[in-house]
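Okay, so here's the structure we're looking at.
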Amino acid sequence: MSATADPRTYDLDELRSRVLAEHGGAVDDSIPRLAEADPGLCGLAIVLADGEVRGSEQSDAPFAMQSSVKPFLFALALLDTRGDALERVGIEPTGEAFDAIKLESGTGRPPNPMVNAGALLTASLVDGGDVDGRAERILRGLSAFAGRALDVDERTASEERAHGERNHALAHLMRAEDALRVSADDAVEVYGRACAVMVDAEALAVMGATLAFGGINPVTGERVVPASVAQDVVSVMATCGVYDGSGTWMRRVGVPAKSSVSGAIVLAAPRLLGAAVVSPPLDRQGTSVRGRIASEILSDDLGLHSFRA
C-alpha cells in the first residue's frame, strides 16, 4: 500500500491547479442565478479533527448550497422528529435523476432524502409552525453545522419558487399519497429557501466535518446532532448522495458525499476529515466535473477511501 500524504501539509492549491486544466461540463441554467456562475471558479477546503480549516485559493468564494443542503435537512428532520423521519422517507438509491417523478411503490414515500422529493419532505418535517418558522429553524441548524451565521440569497430563493415546476409536481404527488402533510406551496418555499443558503467551500467543509466526527462541529466544539443521526446521514450519503452515479462514486472516491447543481460537493470521511469542492461546470449527472476529479485525487492522496485495503 502506498504512503498517504499528511492532510496538515497537503498542497490544496497544487491540487486546484491540476483540476483547473479540465474544461469539460456545463454550468447549470435551471435558474438565471445559477446560469451566471463563473465557470472558472474552483475552490477546495478540508477540515481536520482539531478544527483546523485549510483552504485553497477561492475557498472563500460564496455560492448557494442547492442540493448540498440535503444531508443537513435530513439530519435536522431526524433530530426534530426524534428519528420518526425514517418512517416518512425511504433510504434506498433510485438509479434515477435527482428530480425524477417517482415515489416508493405501495407507500408513496420519497425513495430517499437525497433526491428532490425526499428533500421537500424532510424540509417539511423540521420544527416550525409555518413557512417562516421552518425556514428559520433550517437556517439556524445549517449555521450550527457551519460554525458561523449563514444567510439566504433572496434572489436565488425567489427564482427557485418561480422555476420550481417539477418540485411543485413532486409536492402535489406526495400530498395525493398523504406523504406530505403541508401544502405544496409551503414545501417548495421552505426547500427553495434552504437551497438558497449561501456558503463557501470552507463553511461547507466544516459542515461535512461535523457529520464526519459524529455530529460534533470540530471548529466550535458544539454537538449539533447526536452521533446516531450523523451515522444515519453519512450512510445515506454513501449510497444515494451522487444520485445515479453513487455506485461509481463510491468505487472511485470511496467517501460519502453530496453533489449539487451549484457545482459544490461536500464530503464526510468518517473519523478522518470533512471536505468540500466547488466548481460550477457539471457532468450529465449533475456533478461538478472538476469536483469529481479533485475528490478522486484527494481520496487517493490522503487515503480516504472507506474500503481501502
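Only helices enter the 222 nm calculation for the chain: every DSSP H run of n ≥ 4 contributes -39,500 (n - 2.57), and dividing by all residues gives -12500 deg cm²/dmol, rounded to 500. Carbon and sulfur: what percent of region 186-285's accessible surface (1.4 Å probe)? Of the solvent-accessible surface of region 186-285, carbon and sulfur hold 50 percent.
Once label points are set 7 Å from the Cα along Cα→Cβ at both E57 and L20, what is their separation, rounded to one decimal in nm? Between E57 and L20, the label points sit 0.3 nm apart. Each of E87 and S228 was given a label point 7 Å from its Cα along the Cα-to-Cβ line. The distance between the two points is 1.5 nm. This model, with +1 at the C-beta of Lys and Arg and -1 at the C-beta of Asp and Glu, gives the chain a dipole about its Cα centre of some 680 debye. Computed about its Cα centre, the charge dipole of region 1-124 is approximately 400 debye, with only Lys, Arg, Asp and Glu carrying charge at their Cβ. Taking one quarter of the surface of the C-alpha convex hull of region 64-173 gives a mean projected area of 7.0 nm². Please determine, in degrees from 0 to 90 and to the nearest 10, the orientation of helix 184-195 with respect to the longest principal axis defined by the Cα atoms of the chain, where the helix direction is its Cα long axis. The angle comes out near 10 degrees.
Let me check I have the definition right: for region 191-251, take the eigenvalues of the Cα gyration tensor, multiply each by 5, take square roots. What are those semi-axes in whole Å, largest first?
On the way: eigenvalues 87, 56, 26 Å².
In descending order the semi-axes read 21, 17, 11 Å.
Would region 118-198 count as rounded, prolate or oblate if I go by the C-alpha gyration tensor, calling it rounded below 1.5 in a/c and otherwise prolate when a/b exceeds b/c, oblate otherwise? Note, shape of region 118-198 comes out oblate.
In region 225-309, one over the average inverse separation of all distinct C-alpha pairs is 12.7 Å, which is the Kirkwood hydrodynamic radius. With the charge dipole of the chain set up from +1 on Lys and Arg Cβ and -1 on Asp and Glu Cβ about the Cα centre, the Cα lying farthest toward the positive end among the listed residues V219, S158, A49 is that of A49. Calculated translational diffusion coefficient of the chain (4 °C, 1.567 mPa s; Stokes-Einstein with Kirkwood radius over alpha-carbon pairs) equals 69 µm²/s.
Neighbours of T81, meaning other residues whose beta-carbon lies under 11 angstrom from its beta-carbon, give a summed charge of -2 when Lys and Arg score +1 and Asp and Glu score -1. Segment Y10..A176, full-extension length gain: 54.6 nm, with 0.36 nm per residue of separation and the alpha-carbon distance subtracted. Restricting the calculation to Cα atoms, every distinct pair contributes to the Kirkwood radius of region 1-77, found to be 15.2 Å. Global size of region 158-309: 16.5, 49 Å for Rg and Dmax (C-alpha atoms, Rg to one decimal, Dmax whole).
In a simple Cβ point-charge model (Lys, Arg +1; Asp, Glu -1; nothing else charged), region 20-86 has a dipole of about 240 debye relative to its Cα centre. As I understand it, the value is the acute angle between the Cα axis of helix 116-125 and the longest principal axis of the Cα atoms of the chain; what does it come to in degrees, rounded to 10? Computed tilt is about 70 degrees.
Legend: residues H172, H305, sorted from most to least accessible area (1.4 Å probe; ligands, DNA and RNA excluded), read H172, H305. Measure out, as a whole number of angstrom, how far apart the alpha-carbon centroids of region 90-132 and region 8-77 sit. So the two Cα centres are separated by 25 Å. In the frame of its principal axes, region 13-130 has Cα extents of 49, 36, 28 Å, reported largest first.
Relative to the longest principal axis of the Cα atoms of the chain, the long axis of helix 227-240 makes an angle of roughly 90 degrees.
Solvent-accessible surface of the chain, averaged per residue with a 1.4 angstrom probe and all protein chains in place: 39 square angstrom.
The values are calculated or read from the model by the stated rules, or taken from the named source; none is laboratory data. Computed from a prediction, not measured in an experiment: that's the story for all the values here. Here the Cβ is made from the backbone with ideal geometry for all residues, glycine too, and neighbour counts use every protein chain on show. Protein only, heavy atoms only, side chains kept; ligands, DNA and RNA dropped before computing areas. Shrake-Rupley method; radii C 1.70, N 1.55, O 1.52, S 1.80 Å.
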